[in-house]
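Coordinate-derived values only; no laboratory data. Note that the structure is a prediction, hence the values are computed from the model and not measured. Here Cβ is always computed from backbone atoms with ideal geometry, including for glycine, and neighbour counts include all displayed protein chains.
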Amino acid sequence: MTYESIIGLEIHVQLKTKSKMFCGSKNDPDEREPNINICEVCSGQPGVLPVINREAVHKALLVGLALDCQIAEYSKFDRKNYFYPDLPKGYQISQYDQPICGKGWVEIDSPPRAGARRGGEKTRRTIRINRAHLEEDAGKLIHEGNTTLVDLNRAGVPLLEIVTEPDFRDPAEAKTFLHNLRNTVRYLGVSDADMEKGHLRCDANISLRNPGETELPGYKVEIKNLNSFKAVEAGLNYEIARQTELLAVGEKLINETRGWDDVQSMTVAQRSKEEAHDYRYFPEPDLPIMHFVREEIEKLRAELPELPAQKLERFQTEYGLPEKDAEVLVNERSLAEYFEEVMSELEEWLSSSPSPGVGRVGERSDESIHKLAKQAVNWITGDFQALLKVAGTDARDAKITPENLAELIKMIHKGEVSGAAGKKILTIMFERGGDPSNIARDEGLGQVSDEEAIVVAVDKVIAENPKVVADFLSGKKPALGFLVGKVMAEMKGQANPQMVNSVLSKKLG
Ligand SMILES: [Zn+2]
């Protein structure tokens, strides 16, 4: 029996702000020294007053707008009461019934279902957002032998909790959504969203129902601790198998919370899930209600940068890039920006200079742009990205400027250097920067595309090899290769081989 899975996600995004959510302590997730970035507010001392961090509110609004959420006109904070050693106040300041961002939606391209035939079509799906609210993070417990230590550096760091409706039908869809969300918050500059570092934490809830049913199942299993994209998919798939087995033998499933164990690749029962009333939510009396003015929200919406999903579409239509290539670029904002800078150089060149084989002077046809774009993406996602990975740097900090890479692509396009020489030049540029034409000259990597020089060499080779020429003319095609080799030797290996071939064929034709 195959059931239909009903999946929803709850994602905590750690916002990148200068200070914490309700105090002036530094928000530095990389701080190693414990209890350095704390004050009386975030360490829960009596008699202190929290203050709302404007930057965190601004960043929450950006995410809300990117997810097409309704922004609340009035929004308030509430106390969520529970006891835990990493929460010195005994309550977390969160938002209960008036979250900053209300209902929204995003579209995702759902990958072909598992088990579908290869080449299965992607389908576009709408995922509804239930809400997104602001809250503060808790501290960290460090267990050492029989002792447990408390580090409050993280206590009070702003979190945006994003809750989706149970609209995913497949673990791969949930993973795609999370991936898109990570790219979106990175593009918005609101979070580094590194899952390994806990900037982005994901819980999922999943239940199963019979195919064709429309009611939501009467239970929900929440999976905690899904700390990588792989874990999200694996954890959900594990639950589908586990729940299917139980339902098959007629067992009734109940609400529960389970933790994903990465080592054993399984979920483990934790505790029955708390209901909202267990937290005794009530309005935070020490903070004012926030009021958002419509006009200002619309102004903010107008200022949103191009989001990854839009960029992905534009790269395919404007530059004719295959989806896979566009995806590799868009996944890393710095790479996408680098590509666009290279393209703007190439487009300028295209519209201002004669370029054999690309287009006529001043011509800026789609075809020629697409051709150059494909070359650019091949260099950027191929050799360039490989060099970046080895060096552990970012495209922004590379010694190769987009202008110089564009220059190299032009040189290859014009036949001034071969593709193989291009790779050598790229490596040299990566190590020490510099202009590719100077490097080609200094390293003797240039390629002669001067037709006159090639004609002279061809004539000489033809005159010196009458027998081979006669062989070729009597039908021995391989003789041409021999002659090409002779011309290349004559030109010390620096002639453009395509041109040598065509000049020779013309002369002997
Ligand atoms: Zn503080």
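Data for the structure
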quantity: Segment 4-301: antiparallel DSSP beta bridges as a percent of all, rounded to 5; calculated: 95
quantity: More than 14 Å apart - percent of Cα-Cα pairs taken over segment 451-508; calculated: 46
quantity: Computed [θ] at 222 nm, helices only, for the chain once each DSSP H run of length n ≥ 4 contributes -39500 (n - 2.57); calculated: -12000 deg cm²/dmol
quantity: Pairwise centroid distance, computed over Cα atoms, of segment 251-329 with segment 392-423, Å; calculated: 38
quantity: Under 20 Å from the Cα of residue 16 - lysines, other chains or at least 8 residues apart; calculated: 26, 59, 140, 197
quantity: Charge dipole (debye, nearest 20) of segment 4-301; +1 at Cβ of Lys and Arg, -1 at Cβ of Asp and Glu; calculated: 540
quantity: Charge dipole magnitude, Cβ of K and R +1, D and E -1 - the chain, Cα centre, debye nearest 20; calculated: 1180
quantity: Whole-number D in µm²/s for the chain (Stokes-Einstein; Kirkwood sum over Cα pairs; 10 °C, 1.306 mPa s); calculated: 58
quantity: Cα lying deepest toward the dipole's positive end in the chain, options 19, 184, 420, charges on Cβ; calculated: 420
quantity: Sorted by Cβ neighbour density within 10 Å, fewest at the top, the residues 327, 251; calculated: 251, 327
quantity: Over segment 45-124: Rg over Rh, Cα atoms, Kirkwood Rh; calculated: 1.21
quantity: Residue 91 long-range amide H proximity, modeled H, under 5 Å; calculated: 82
quantity: C-alpha long axis of helix 479-490 to longest principal axis of the chain, angle in °; calculated: 90
quantity: Centroid-to-centroid separation of segment 184-226 and segment 22-51 [C-alpha atoms, Å]; calculated: 29
quantity: Hydrodynamic radius (Kirkwood) for segment 4-301, which is based on Cα pairs only, to one decimal in Å; calculated: 20.3
quantity: Principal semi-axes in Å for segment 308-442 [√(5λ), Cα gyration tensor, largest first]; calculated: 22, 21, 11
quantity: Furthest towards positive pole of dipole, 237, 482, 132, structure part the chain, Cβ charges; calculated: 482
quantity: Cα-based helix-to-principal-axis angle, 308-318 vs the chain, degrees rounded to 10; calculated: 20
quantity: Computed log₁₀ I(q)/I(0) - Debye formula, equal Cα scatterers, no solvent, segment 376-509, q 0.20 Å⁻¹; calculated: -1.02
quantity: Taking the convex hull of Cα positions in segment 223-296, its mean projected area over all directions (nm²); calculated: 9.3
quantity: Rounded FRET efficiency, nearest 0.05, which uses the C-beta distance separating residue 249 from residue 30 and R0 of 56 Å; calculated: 0.70
